[in-house]
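Accompanying notes for the structure given below.
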Amino acid sequence: MRQNRSIPSPTVIPVLIYPDVRAAVEWLESAFGFVERLQIGEAHRAQMTVGEGGAVIAADVRGNRVAPHDGESTSSVLVRVEDAQALCDRAREQGAEIVDGPTDHVYGERQFTAVDPWGHRWTFSETLEDVDPAAWGGILKEPG
């Protein structure tokens with residue numbers, strides 16, 4: 001795939017709508033450790049990087065784009081991390097609502113779920129071990 005400095009390089013890039021993009025960027029940086037890579041306009045969009053090769057775009061409300069309302073969950077973004085407990089503690093200190101604390105799962109991941117101040121749901125996952133999906137009832141289908 002050709003590179004373009006005007007867009008992040010991952011194949012899939014979630015775009016989440018925020019009523020205040022600049023406040024969202026500041027919070028996502030302080031709570032989750034994301035890094036802003038490109039600001040577009042005063043408060044139109046922000047491209048952010050996370051971890052090795054991850055990206056997310058915070059976009060403004062306009063037209064038919066709306067931010068979540070209280071009690072709604074229209075999507076969830078899963079982010080792989082090195083230390084779920086440390087990030088959970090950091091996010092909690094920054095005011096994230098932790099809806100599911102760090103939990104070790106049979107599929108080899110430690111995960112927690114947080115809701116940011118604007119209602120977006122984030123799940124962070126730390127790999128503890130490589131587990132065969134058949135061990136917990138999954139069916140691995142290799143790409144054909």
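The values are calculated or read from the model by the stated rules, or taken from the named source; none is laboratory data. Because the structure is predicted, anything quoted here is derived from the model rather than measured. In this analysis, Cβ positions are derived from the backbone assuming ideal geometry, glycine residues included, and neighbour counts consider all displayed protein chains.
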Review point. Do we find that E52 is under 14 Å from the mean Cα position of the chain (by Cα) and either surrounded by 14 or more Cβ atoms within 10 Å (Cβ to Cβ) or more than 22 Å from E109 (Cα to Cα) (or both) in this structure?
Key: no
Exercise for review: Name every residue in region 40-67 that is more than 18 Å from A96 (Cβ to Cβ), touching a helix residue (DSSP H, G or I) at 6+ places or on another chain (Cβ under 8 Å) and not charged (D, E, K, R), in order of residue number.
Suggested key: A43, H44, A46, A59
Review point. What are the residues in region 24-70 that are aliphatic (A, V, I, L, M) and in a helix (DSSP H, G or I), if any?
Key: A24, V25, L28, A31
Exercise for review: Can you run down the residue pairs with Cβ atoms below 6 Å, 6 or more apart or on separate chains, where the first is in region 114-125 and not assigned by TED's automatic domain parsing to the domain that holds F32 and the partner is in a loop (DSSP other than H, G, I, E, B) and surrounded by fewer than 18 Cβ atoms within 10 Å (Cβ to Cβ)?
Suggested key: R121/S73
Check your understanding: Quick one: is V25 within 30 Å of L128 (Cβ to Cβ) and of a type in the set (V, I, T)?
Key -> no
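If I ask for residues that are out of contact with any Leu (no Cβ under 6 Å at 6 or more places or on another chain) and closer than 21 Å to R65 by Cβ, which ones from region 24-36 would you list?
Step one: list which residues in region 24-36 are out of contact with any Leu (no Cβ under 6 Å at 6 or more places or on another chain), which gives 24-33, 35-36.
Selection gives A24, V25, E26, W27, L28, E36.
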Point to revise | Filter result for V77 (among the hydrophobic types (A, V, I, L, M, F, W, C), within 14 Å of the chain's Cα centre (by Cα), over 28 Å from G41 (Cβ atoms) and assigned by TED's automatic domain parsing to the domain that holds T127) | key: no
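Count, please, the residues in region 23-45 that happen to be within 14 Å of the chain's Cα centre (by Cα) and crowded, with 17+ Cβ neighbours inside 10 Å. Give the derivation first.
We begin by selecting, within region 23-45, every residue within 14 Å of the chain's Cα centre (by Cα); these are 24-25, 27-36.
Subset that is crowded, with 17+ Cβ neighbours inside 10 Å: 24-25, 27-28, 31-32, 34.
Summing the residues that are within 14 Å of the chain's Cα centre (by Cα) and crowded, with 17+ Cβ neighbours inside 10 Å in region 23-45 gives 7.
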Revision key, fill the gap. Restricting attention to region 72-113, the residues that are out of contact with any strand residue (DSSP E or B) (no Cβ under 8 Å at 6 or more places or on another chain), without any contact (Cβ under 8 Å) to a residue 60 or more places away in the chain and of a type in the set (G, A, S) number exactly 1
**Study point:** Residues of region 24-60 satisfying the condition of being touching a residue at least 60 places away in the same chain (Cβ under 8 Å) and hydrophobic (A, V, I, L, M, F, W, C)
**Key:** A24, W27, L28, A31, F32
Exercise for review: Pick out the one residue from Q85, Q39 that is in the same structural domain as A114 (by TED's automatic domain parsing) and not aliphatic (A, V, I, L, M).
Suggested key: Q85
